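Heads up, the thing below is written out as structure tokens.
Read-outs throughout are calculated quantities, based only on the coordinates presented, and are distinct from any laboratory measurement. Keep in mind that this is a model prediction, so the values were computed, not measured. Reconstructed Cβ throughout: ideal geometry from the backbone, glycine too, with neighbour counts over all protein chains shown.
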């Protein structure tokens, strides 16, 4: 197995608040790595640091052995890294197809090719019937799938997914899980942030657990689930709440 | 379903009524000087066409890349001064001046855009407003280009097409303005269907998402500003040749920057035909209010503009044409 993403000691501070403290993890080619942690654990910040959306205070990010630390977001995307956003960002005044075309245009300048690739991506996320709607008219779950399709249309090597199953109709969750597994089957490497622990146990090859910006566990799902620090920080409170 | 979707045309075909409307409009525009024969009607249409081009230029930056420029008069003035200085001082044909003006405007767009287009939100608008007034002051003090008294285009009756000035009829000016506007609208029509145009619309709405899809935000904004500046410059050269008097007070006025904004917002920013519609409404409004109210009409037209803009903001904040254009776009293919 070859290493695709290698994250070393990422640190991000906002004044006195440390959002990420020396977070280290790696992702192998074709692997699904899940990131868990309570709200405010620094999961989305970690995505922002890896993809260049926020400047980092310390640490290094290597993609396929190349140092990509501090590159602009569009440069990192150009290296084959797609991402979705927790707070959805579809292009509201473009149709669904046009949204996804923008993703496909990362790899081609031919509008016809881009349109056909966009339609394929939309077929994959099962949203073809909405293709001529404007993105602002869609439900949250549909907009999540637009974002996913938009990223996939880039034909990335690696995709960072921020809560694909969060805030959607629970009946659609199994379908989304199958979708992610099929993506991996096609050779895509995936890092996914998830709150739903059952989903995570089914999806992830390895899990990174964050708490207060720090890595508290990283390893196989069953090991991470039993890890005392994880139980204490995350699962314990969830169990108490339930 | 995928096969059916692939079989759809890449671009929605306009419905018959729209094609009919377009063909009728084209014929009317071509025949206009022979249908309406008064000098005043020619003058009015020349202004409408020039403003339609200027508003479209503004639309490229604001409507597509989402940056509100309040300094577009800079490029208008550069266009007028480039051709006139070259002709008055060196006898060079205004056709060459037109190209030089476009080049200088493009360079000016880079010089202004590179530092300011990194600014988000309203800072770009404020920066361009201030740079616009500074440029005006420079031209008002710059002796080589006539300072505050401006420049006159030297009269030459020997070769009207070479010197781009016509003293017996406004009709040639009409066709020049029509050709320039048509070229500008054709360019934007192509732009909207291009990779570049899609990327501009993406970064306008969601810059973060656009960046995550590999779009270099700052570079795209500067490129849009360059194209826009060159378009505005063409209108400036034509205007200079039309009025034959260059007054820095007027050419570089914030009023010009703002009126192109008003036209575009009124007609529909980000649409193809919105700027033309806005020009077709506001130019006659301004000219007639000047006639009806005499010299004081200038303030009256501003009041009417204000009322119109308020109505549009309340009734259709995205401009008169936005609804229509979206309907046409949604019609992609025949599938439900």
Order the peptides A:154-166, B:223-235 from the highest to the lowest mean number of other Cβ atoms within 10 Å of their residues. B:223-235, A:154-166
In the protein assembly as shown, what % of DSSP beta bridges are antiparallel (nearest 5)? 60
Quick check on the exposure proxy: order B:1, B:44 from fewest to most C-beta atoms within 10 angstrom. B:1, B:44
Relative contact order computed over the stretch B:38-253 (Cα-Cα under 8 Å; 6+ residues apart), in percent: 43
10 Å Cβ neighbours from other chains, averaged over peptide A:92-103: 5
Translational diffusion coefficient, Stokes-Einstein: compute it for the stretch A:85-155 using the Kirkwood radius over C-alpha pairs as Rh, at 10 °C and 1.306 mPa s, and state it as an integer in µm² s⁻¹. 139
Which whole number gives the average, over all residues in B:196-208, of C-beta atoms from other chains lying within 10 Å of the residue C-beta? 5
Apply the a/c threshold of 1.5 to the C-alpha gyration tensor of the protein assembly as shown and tell me whether it is rounded, prolate or oblate. prolate
Please state the relative contact order of chain A as a whole percent: Cα pairs under 8 Å, 6+ residues apart? 26
Mind sorting B:185, B:305 by how few other Cβ atoms lie within 10 Å of their own Cβ, fewest first? B:185, B:305
Average other protein chain Cβ within 10 Å of Cβ, residues B:212-224: 6
Hey, rough spin-label estimate for residue B:142 and residue A:66, points 7 angstrom out along Cα→Cβ, what's it come to in nanometres? 4.4
Neighbour-count ranking for B:304, B:222, A:180, B:61 (other C-beta within 10 angstrom, fewest to most) reads B:304, B:222, A:180, B:61
Determine the calculated [θ] at 222 nm for chain A from helices alone, applying -39500 (n - 2.57) to every DSSP H run no shorter than 4 residues and normalising by the residue count; nearest 500 deg cm²/dmol. -9500 deg cm²/dmol
Crossing angle, helix B:171-192 versus chain B [Cα axis fit, 0-90 degrees, rounded to tens]: 30
Helix A:111-124 versus the longest principal axis of chain A: what angle, 0 to 90°, nearest 10, using Cα atoms? 60
Rel. contact order, % - alpha carbon contacts under 8 angstrom, at least six apart, the stretch A:85-155: 48
Principal axes of chain A: Cα extent on each, largest first, Å: 52, 41, 38
